[in-house]
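Data first, discussion second: the structure below is written as structure tokens.
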Amino acid sequence: MRRSAFFLPTLKETPSEAQIASHRLMLRAGMVRQSAAGIYSWLPLGFKVLRKIEQIVREEQDAAGAQELLMPTIQSADIWRESERYDAYGKEMLRFKDRHDREMLYGPTNEELITQLFRDNVRSYRDLPKILYHIQWKFRDEVRPRFGVMRGREFLMKDSYSFDMDFEGAKRSYEAMFTAYLKTFKRMGLTAIPMQADSGAIGGNLTHEFHVLAETGESGVFYDIAYDDLAAKGEIDLAALNDLYAATDEKHVPGGPNVPPPERLREARGIEVGHIFYFGTKYSKAMNAMVQGKDGEPVFAEMGSYGIGVSRLVGAIIEAYHDDRGIKWPESVAPFKVGLINLKAGDALCDKTCDDIYAKLGAAGVEVLYDDRDDRAGVKFADMDLIGLPWQLIAGPKGLAQGVVELKNRATDEKVELSVDSALARLVG
Ligand code: 5CA
């Protein structure tokens with residue numbers, strides 16, 4: 001993509017409404033624009049990141065055996081009456097009527113809809129287990145939408161739902177999702193700690209929130225310091241589920257069972273990027289979702305639901321990867337891999353070399369943003385640091401006279417001078 005043609009309205013000034021780094025940077029880097037409180041348009045640069053995150057989530061769901069479908073954003077109130085959540089959900093649910101005076105709502109989550117689909121289409125134990133998911137926009141009329149996409153009113157969620165015959169099966173599904181979540185967040189460069197969470201009315205210990213540690217996180221969390229070592233080594237796995245203490249402040253009981261002694265207990269802030277939940281037959285019973293069991297007797301399906309905050313993750317990744325100049329994208333979610341800077345647009349050698357590099361990288365499938373604008377070098381450097389592409393390839397008249405370009409790593413700030421060919425070789429593959 002040529003910068004001169006790209007819709008990328010970057011800002012020099014820090015917008016006053018933004019309180020945390022990720023919100024400020026998403027506005028300054030031209031990734032999103034607010035259209036109403038907690039409701040955002042995703043501009044091309046931000047949308048590319050959102051899509052990359054979505055794709056990683058999708059690949060790990062598929063690898064865990066889940067199947068993608070797509071349910072609507074608008075739901076009928078009827079199914080929420082069946083589950084008895086229509087009144088209970090309160091003001092967070094956006095409700096309205098269609099022209100026939102039927103009560104409708106913009107879905108805040110999809111347990112009811114998926115249970116209805118299951119009830120109407122699955123008959124026998126032979127069809128189980130099943131894990132179904134979609135990546136779809138949700139609306140929750142949050143009292144205090146804030147921090148940009150972190151706590152929006154409209155936000156993108158991946159929500160999966162598992163159906164099993166019995167508790168053992170449901171536990172296997174839960175563990176498959178648990179493991180998939182760890183892989184998913186790791187691929188984005190994030191260490192997410194699974195925390196025992198408040199299970200509300202349902203009870204049991206099968207509910208976890210996945211938290212990325214960050215000073216700006218909205219949740220208070222407590223965890224065993226052993227996690228710091230495991231996180232550094234990237235070794236948090238399913239064993240952590242039973243062995244090491246980690247809990248949200250809602251669940252944490254000072255001095256309670258399994259709580260480590262004070263010198264081993266860390267108190268921190270976390271961003272909740274995922275939430276998984278086993279709830280047994282809560283919805284299948286309320287909505288009469290039964291299948292025929294092995295002995296011919298009907299059985300209520302054992303269910304779980306598993307959410308990931310896809311749009312929130314964009315903010316969470318920026319919180320983890322930025323400095324005072326801008327974002328530092330991990331390569332797996334970067335909107336482009338390379339930012340190519342032509343230091344002297346209009347200079348014949350600079351233009352020719354850059355055009356050539358741009359064409360070659362494009363042909364090799366490397367995503368490049370080519371800053372071909374006729375602007376000052378300082379403006380281009382600042383813009384490129386702000387949007388945070390992992391690699392900057394800088395071509396100017398002085399270097400090219402010696403046959404070299406400069407390759408800069410945004411994360412480490414390391415710069416090397418290389419021939420064009422060696423720079424290309426480093427960036428391809
Ligand atoms: N039905 C369950 C699991 S599918 C559910 O809705 N869980 S949830 O309420 O915890 O939401 C799942 C994830 O969506 C959260 O972990 C969080 O990452 C994200 N999320 C929730 N509310 C918001 C919001 N207002 N803005 C951005 N992301 C949100």
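The values are calculated or read from the model by the stated rules, or taken from the named source; none is laboratory data. The structure displayed is predicted, hence computed values, not measured ones. Virtual Cβ from ideal backbone geometry, glycine too; neighbours counted across all protein chains shown. We work out accessible area using only protein heavy atoms, side chains counted, and drop any ligands, DNA or RNA first. Shrake-Rupley method; radii C 1.70, N 1.55, O 1.52, S 1.80 Å.
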Residue match in region 120-141 (condition: crowded, with 20+ Cβ neighbours inside 10 Å and touching a His at 6+ places or on another chain (Cβ under 9 Å)): no
Verdict on Glu263 being within 30 Å of His211 (Cα to Cα) and more than 32 Å from the chain's Cα centre (by Cα): yes
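Look through region 151-163, keep the residues that are touching a strand residue (DSSP E or B) at 6+ places or on another chain (Cβ under 9 Å) and open to solvent by 10 Å² or more (accessible area, probe 1.4 Å), and return whichever of them is farthest from the ligand (Cβ to nearest atom). Don't jump to the end; show me each part of the working.
Residues of region 151-163 that are touching a strand residue (DSSP E or B) at 6+ places or on another chain (Cβ under 9 Å), as a first pass: 152-163.
Those left that are additionally open to solvent by 10 Å² or more (accessible area, probe 1.4 Å): 153-155, 157.
Numbers: Arg153: 7, Glu154: 8, Phe155: 4, Met157: 5 Å.
It comes out as Glu154.
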Residue within region 114-133 that is outside any loop (DSSP other than H, G, I, E, B), closer than 30 Å to Arg33 by Cα, within 16 Å of the ligand (Cβ to nearest atom) and within 19 Å of the chain's Cα centre (by Cα) present: yes
In region 217-268, residue least open to solvent (accessible area, probe 1.4 Å) [restricted to those that are in contact (Cβ under 8 Å) with a residue 40 or more places away in the chain and among the basic types (Lys, Arg)]: Lys251
Search result, residues across region 91-113 that are in contact with a helix residue (DSSP H, G or I) (Cβ under 9 Å, 6 or more places away or on another chain) and within 16 Å of the ligand (Cβ to nearest atom): Met93, Leu105, Gly107, Pro108, Glu111, Glu112, Leu113
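I need the full set of residues from region 18-32 which are in contact (Cβ under 8 Å) with a residue 12 or more places away in the chain and under 15 Å from Met150 (Cα atoms), in order please. First the steps, then the outcome.
Taking region 18-32 and keeping what is in contact (Cβ under 8 Å) with a residue 12 or more places away in the chain, we get 18-23, 25-32.
Result: Ala18, Gln19, Ile20, Ala21, Ser22, His23, Leu25, Met26, Leu27, Met31, Val32.
Across region 1-35, what is the total count of residues that are outside any helix (DSSP H, G or I), hydrophobic (A, V, I, L, M, F, W, C) and open to solvent by less than 40 Å² (accessible area, probe 1.4 Å)? Talk me through it step by step, then tell me what you get.
Pass one, region 1-35, residues outside any helix (DSSP H, G or I): 1-20, 29-35.
Those left that are additionally hydrophobic (A, V, I, L, M, F, W, C): 1, 5-8, 11, 18, 20, 29, 31-32.
Filter once more, so that each one left must be open to solvent by less than 40 Å² (accessible area, probe 1.4 Å): 6, 8, 18, 20, 29, 31-32.
Total meeting the criteria: 7.
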Residue list for region 306-328, restricted to those being closer than 23 Å to Gln61 by Cβ and more than 13 Å from the ligand (Cβ to nearest atom): Ala320
Within region 164-183, tally of residues that are under 18 Å from the mean Cα position of the chain (by Cα) and open to solvent by 20 Å² or more (accessible area, probe 1.4 Å): 3
Candidate set from region 90-109 (those that are within 12 Å of Phe139 (Cβ to Cβ) and part of a loop (DSSP other than H, G, I, E, B)); member that is farthest from the chain's Cα centre (by Cα): Met93
Which listed residue is open to solvent by less than 70 Å² (accessible area, probe 1.4 Å), more than 17 Å from the chain's Cα centre (by Cα) and more than 16 Å from the ligand (Cβ to nearest atom), from Phe300, Phe279: Phe300
